[in-house]
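The values are calculated or read from the model by the stated rules, or taken from the named source; none is laboratory data. Worth saying up front: this structure is predicted, and the values here are computed from it rather than measured. Counting neighbours? That spans all protein chains shown, and the Cβs are built from the backbone with ideal geometry, glycine included.
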């Protein structure tokens, strides 16, 4: 079962984002299906302004509106967080393969002992084992750590942003 649509913020470095945009984004993060008129009423702004701002935010790729799956309520309820230590060549040879995989719902470069962190949604243990073994065979992967999620108590996607 899917949750209400949520908003993913793609780029907050854009200097054109102001406090009105942030208010709109915050309301969408609570409910991605909120009508423009309700947004306008909530922030005391004309609906035409909200429509214009939404079009710009979407067209510029600053936000996307999508649905997030509650993995505990659907068939693919197995989630693993995998941390990978890689050689620099990984970013040239393997990163795009991972980005294109549907079972990977989150992928980022991180600091610390590992270089990459990803969230992998898998069908069964054989699926997870095959994926981990595939990663281990890559000559640009030098280490790997995997943690299976047993139960999710809170999943807030995306993280809320402050207007300060």
query: Does residue 82 count as surrounded by 14 or more Cβ atoms within 10 Å (Cβ to Cβ), within 30 Å of residue 148 (Cα to Cα) and modelled with pLDDT of 90 or more?
result: yes
- request: Considering (1) under 30 Å from residue 17 (Cβ atoms); (2) part of a strand (DSSP E or B); (3) not assigned by TED's automatic domain parsing to the domain that holds residue 31, say which one residue 65 fails and leave the rest.
  value: (3)
- line: With the first residue restricted to the range 24-40 and required to be assigned by TED's automatic domain parsing to the domain that holds residue 63, and the second required to be in a loop (DSSP other than H, G, I, E, B), Cβ contacts under 6 Å at 6 or more apart or on different chains are 27/34
message: What's the total number of residues in the range 131-140 that are closer than 18 Å to residue 102 by Cβ and either in contact with a helix residue (DSSP H, G or I) (Cβ under 8 Å, 6 or more places away or on another chain) or surrounded by 13 or more Cβ atoms within 10 Å (Cβ to Cβ) (or both)?
response: 3
- line: The residue that is modelled with the lowest pLDDT, considering only those in the range 16-50 that are part of a loop (DSSP other than H, G, I, E, B) and under 16 Å from residue 63 (Cβ atoms), is 16
query: Could you say whether any residue in the range 141-148 is touching a helix residue (DSSP H, G or I) at 6+ places or on another chain (Cβ under 9 Å), modelled with pLDDT of 90 or more, buried (at least 16 other Cβ atoms within 10 Å of the Cβ) and in a loop (DSSP other than H, G, I, E, B)?
result: no
query: Only one of (1) farther than 26 Å from residue 30 by Cα; (2) surrounded by 12 or more Cβ atoms within 10 Å (Cβ to Cβ) fails for residue 118. Which number is that?
result: (1)
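This table checks each residue for (1) within 14 Å of residue 78 (Cα to Cα); (2) free of Cβ contacts under 8 Å to residues at least 40 places away in the same chain; (3) more than 14 Å from the chain's Cα centre (by Cα); (4) not assigned by TED's automatic domain parsing to the domain that holds residue 84.
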position: 113; (1), (2), (3), (4): no, yes, yes, no
position: 122; (1), (2), (3), (4): yes, no, yes, no
position: 129; (1), (2), (3), (4): yes, yes, yes, no
position: 135; (1), (2), (3), (4): no, no, yes, no
